[in-house]
1. Give, to the nearest whole percent, the P(r) tail of segment A:1-148 beyond 25 angstrom, counting all Cα pairs.
2. Quick check of the Kirkwood formula: for segment B:110-156, what is the inverse mean of 1/r over all pairs of different Cα atoms, in Å?
3. Taking chain A as a Gaussian network, where each spring joins two C-alpha atoms under 10 Å apart, which residue of A:155, A:86, A:32 fluctuates the most?
4. What is the distance in Å between the Cα centres of segment A:196-219 and segment A:58-93?
5. Quantify how strongly other chains surround peptide B:162-168 by giving the mean number of their Cβ atoms within 10 Å of each of its Cβ atoms.
6. Put simply, what bits of segment B:61-90 lose 30 Å² or more of accessible area when the other protein chains are there, versus the chain on its own (1.4 Å probe)?
7. Which of these, A:83, A:38, A:185, has the largest mean-square fluctuation under a Gaussian network model of chain A (Cα springs below 10 Å)?
8. Could you identify which residue out of B:99, B:107, B:44 has the top mean-square fluctuation in a GNM of chain B using Cα springs shorter than 10 Å?
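The values are calculated or read from the model by the stated rules, or taken from the named source; none is laboratory data. All figures in this text were calculated on a predicted structure; none of them were measured in a lab. Heads up, the Cβs are rebuilt from the backbone with ideal geometry, glycines too, and the neighbour counts pull from every protein chain shown. Just so you know, the surface numbers come from the protein's heavy atoms only, side chains and all, with ligands and any DNA or RNA stripped out. Shrake-Rupley method; radii C 1.70, N 1.55, O 1.52, S 1.80 Å.
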There are 2 protein chains.
Amino acid sequence: MEEMAGSKRKMEQQPTLKLYYFDIKGKGECIRLICSYSGLELNDHRFSSRDEFLAMKEGTRLQFGQVPMLEVDGKHTMVQSNSIMRYLGKLSGLYPTTDHILAQKVDAVMDQATDVFTGSSILKYGPRYAIELTPEAKEKSYEHYNQTVLPTHLRKVERYFSKSSTGWIAGTVEPSPADFVWYTSLINMKNHKELTQKIKNLEDYPKIKVFMKKFESLESIKEYYENSSK
Amino acid sequence: MEEMAGSKRKMEQQPTLKLYYFDIKGKGECIRLICSYSGLELNDHRFSSRDEFLAMKEGTRLQFGQVPMLEVDGKHTMVQSNSIMRYLGKLSGLYPTTDHILAQKVDAVMDQATDVFTGSSILKYGPRYAIELTPEAKEKSYEHYNQTVLPTHLRKVERYFSKSSTGWIAGTVEPSPADFVWYTSLINMKNHKELTQKIKNLEDYPKIKVFMKKFESLESIKEYYENSSK
């Protein structure tokens, strides 16, 4: 049912959307998924190599040197994935534009994803944030992250799902941008090799597990993964 | 002129807004400032002590244990300051609700503030993110942050202001939520004692300096600081 709404939403006249990102899931995947679900046409440009990205970074196209970058109508360049998700949510009708209180909730759970995974970003890309860790400090930090920080956050996320009557994180009727962001973050978490199997299996978070299944059962998402795994 | 628009915006019927935060600038200040500028009435509850906050955290009121928390009409609890700022921007007319491309830009520069200051948050509150730094590692990290990471980011911010025809960061006619967030972040940066004086003085960033002056010259902001410094 929801899925049909998704397909019917397809617009006669949508802006031209071109995504620039690596050929990985990472922070770009939620952009691909929301387009796929809502029927927005997306030119999904994946860099063929790191060199292609670096060459582009040297040029003028990647104004802020950041990806994911979404180019709209060949002239507007958008960065910051949550902000891009909000924009696409408005285009596709998946972001609440009249209920500002609900919109704030959608925004807050998206920003919460950033908070939750700041620790793992730092552990992976420390120097980008000026954080230099010795191997010992890194190991100790991962332990603390796995044992305390991540579970504390995930319990809060579990609570969001417990309170939702629809199974979507902010309680929206259809998935909101926040669901696409959370799904992608959790998939990325599963690919992070230093995290414990217990966390990756979401053992203590049954509601989050149900969400992942629900999300993956959406027709358009199944189709997307069937095609993209070719 | 802009200021008059700000005062005239005062709503006949606004939701009741109550902010819960510490008696510091921190992440709560931008909420106070946007209300002050736009004429939104705000009950600015400042914890009288850390114990008051902890007691509240134990209770049911701070659902997510986080502050700043904005209570709306005594029943909706909002967390995540950028999301709160977007909500208040919609209430006050300072957030673009019809131009989605402009709204994305406002959102992106707000999220960029989070990115820029992630390094300094980690250096201050490492364990919260599971990052354990020895005093030596901390010192080395601060050096890298001061010398490279922060200047790289601030140059990008300088570029935003260079491109703006209005002096506001996203090029909006009036200050957008992003300007309140940036002003607050930069003030907090000045209070961070481990950062170099050169950075705090914004020596290499003349456009940002102009922005700070412009912001502080707004009538309502001047008034706010005259009253709050009592």
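1. Cα-Cα pairs of segment A:1-148 separated by over 25 Å account for 42 percent.
2. In segment B:110-156 this quantity evaluates to 11.1 Å.
3. Result: A:155 has the largest fluctuation of those listed.
4. First find each Cα centre; the distance between them is then 29 Å.
5. Neighbouring Cβ atoms belonging to other protein chains average 0 per residue here.
6. Buried on complex formation: B:63, B:64, B:66, B:76, B:78, B:80, B:83, B:86, B:87, B:90.
7. Largest GNM mean-square fluctuation: A:83.
8. Result: B:99 has the largest fluctuation of those listed.
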